[in-house]
1. What are the semi-axes of the equivalent ellipsoid of region 17-90, taken as the square roots of 5 times the eigenvalues of the Cα gyration tensor, listed largest first and rounded to whole Å?
2. If you plug each phi of region 97-102 into the Karplus form 6.51 cos²θ - 1.76 cosθ + 1.60 with θ = phi - 60°, what whole-Hz ³J(HN,Hα) values come out, in order, with x for Gly and Pro?
3. Starting at the first residue of region 150-160, write each ³J(HN,Hα) from the Karplus equation 6.51 cos²θ - 1.76 cosθ + 1.60 with θ = phi - 60°, in whole Hz, x for Gly and Pro.
4. Just to check I understand the Karplus step: with θ = phi - 60° and J = 6.51 cos²θ - 1.76 cosθ + 1.60, what whole-Hz values come out for region 339-356, glycine and proline as x?
5. Determine the principal axes of the Cα atoms in region 1-136, then give the extent along each, sorted from largest to smallest and rounded to whole angstroms.
6. Please list, ordered by chain and number, the residues whose modelled amide H lies under 5 Å from the amide H of residue 210; skip anything fewer than 5 residues away on the same chain.
7. Scan the chain and hand back the longest stretch that contains none of the GluC sites (Glu not before Pro) lying in DSSP loops with at most 13 other Cβ atoms within 10 Å.
8. What chymotrypsin sites (Phe, Trp or Tyr not before Pro) in region 210-260 are in a loop by DSSP, with at most 15 other Cβ atoms within 10 Å of the Cβ?
Amino acid sequence: MSQTGSTAVSAQADELRRAMVRELREQEAIRTEVVAAAFASVPRHLFAPGEPLETAYAPHGTVVAKRDADGLVLSVMSAAHLQAVMLEQASVEPGMCVLEVGSGGYNAALLQEVVGPEGRVTTVDIDPDIITRARTCLDTAGYERVRTLTADAEFGVPQLAAFDRIVVTAAAWDIPSSWISQLTLDGRLVVPLRMRGLTRSVAFDRDGDGLVSRDYRLARFVPMQGRGAFTERKVLLREGVAIQTDDPAVRLDKQALDEALSGPALEVWPGAVWDFPDELELFAALNLPRVASIHASQRIIDEDVLGPAALLGVTILVTEDSFAYRAKRASGSTGEYESGVIAHGPQAESLAKQYAEVLLRWSDAYRRRGAATFRYRPDAAGLGPLPTDAVAKRHGTVTVTWS
Ligand SMILES: C[S@@+](CC[C@H](N)C(=O)[O-])C[C@H]1O[C@@H](n2cnc3c(N)ncnc32)[C@H](O)[C@@H]1O
């Protein structure tokens, strides 16, 4: 590229970067000056080589870095919006020692900007191709100080611990003990944690041997690979309808559930307010006893076989032959919506009743952002009988307090 050409690209990138920062501030993804300054400094387009500048700087856009042989995405440069939210959650300070799990280069460069010359950033990825790519991008953009490592992050990076912050950028089904023990005693772990089929980026502070959450946000990430990988069970009821669960105790009879779907639908509208859908969904998933999620194609929705909530996946209360899911409808002429339940199968009535009670409980007592506080105990022994909303993991247990 000619000198004039590269100057023009650089000027356009600067302009797009300023616009991105403005938008991220307006959307309250960026909340602090230190995070704004990092986003304003790092040339994001240098971590998306070959992509149009507009793509690199789209606040909600992702850039695929690698797919597997079947086309499944293994690695992406995450959306700037999500990176800003997580960087704010991490509350990183100058001079800190930070570990990033899952590399791409860009997020590590943002972290390096925040920790400054006295701080240290290490980024680890299980995939050597991703590390090679991240290393090249970091060097091109002038972030030679960021350390890159190929390893399965299940075991952390013991040789460089302890870390003031660990920021995980792949969806984790569990929290390996290394991510707790390799934190400083007042350290923070930010992790997109899968709980009953939902992913939330949780900012956990270390609390002795365990963790306690300070904040959680909606998040979407590629799944963790390696020792921490977890495959959720998926049953295809018919073309365009699938049920998925991570709970081994949930029994799914494909034929019986498909028959239930073909049968009549029972609707219950208990007078619960529909609001903050991601909070409502979290409360339902954690407070119902046997959950899975149902996913439907646009055709299935258009044919009125399932309600629109199933397009992105919605939590169901399920037995072998029946299931219930939540729906919404306009409530009167106020512009508000109410939550209801649609149930199918021989046990429709009892499932709808249970689901409706949970919707009412949320609507009456917890209808707001951030009502949950999560605790992670590496060993659940001594906790006594676990409540319905406790989530058993391989290495420990998540418990939830609602307030
Ligand atoms: C969303 S990408 C990371 C994005 C990156 N942080 C950025 O700056 O845009 C997720 C990455 O996690 C990596 N990954 C998945 N499982 C891992 C594991 N067990 N240990 C380390 N890295 C892992 C994947 O190879 C993938 O590159």
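1. For region 17-90, the ellipsoid semi-axes come out as 24, 14, 10 Å.
2. 10, 10, 10, 9, 9, x
3. For region 150-160, the Karplus-derived couplings read 9, 5, 7, 6, 3, 9, x, 10, x, 5, 10 Hz, x marking Gly and Pro.
4. Values per residue, Gly and Pro as x: 9, x, 10, 10, 10, 10, x, x, 9, 3, 5, 6, 5, 4, 5, 4, 5, 4 Hz.
5. Its Cα atoms span 37, 37, 29 Å along the three principal axes.
6. Under 5 Å from the amide H of residue 210 lies no amide H from a residue far enough along the sequence or on another chain.
7. With GluC sites (Glu not before Pro) excluded where exposed in loops, the chain gives 304-403 as its longest stretch.
8. Taking region 210-260 and a limit of 15 other Cβ atoms within 10 Å, the loop chymotrypsin sites (Phe, Trp or Tyr not before Pro) found are 230.
Every number in this text was worked out from the coordinates using simple rules, so none of it is lab data. Fair warning: this is a prediction, and the values are worked out from it, not measured in the lab. Positions of Cβ are backbone-derived with ideal geometry, glycine not excepted, and every protein chain shown enters the neighbour counts.
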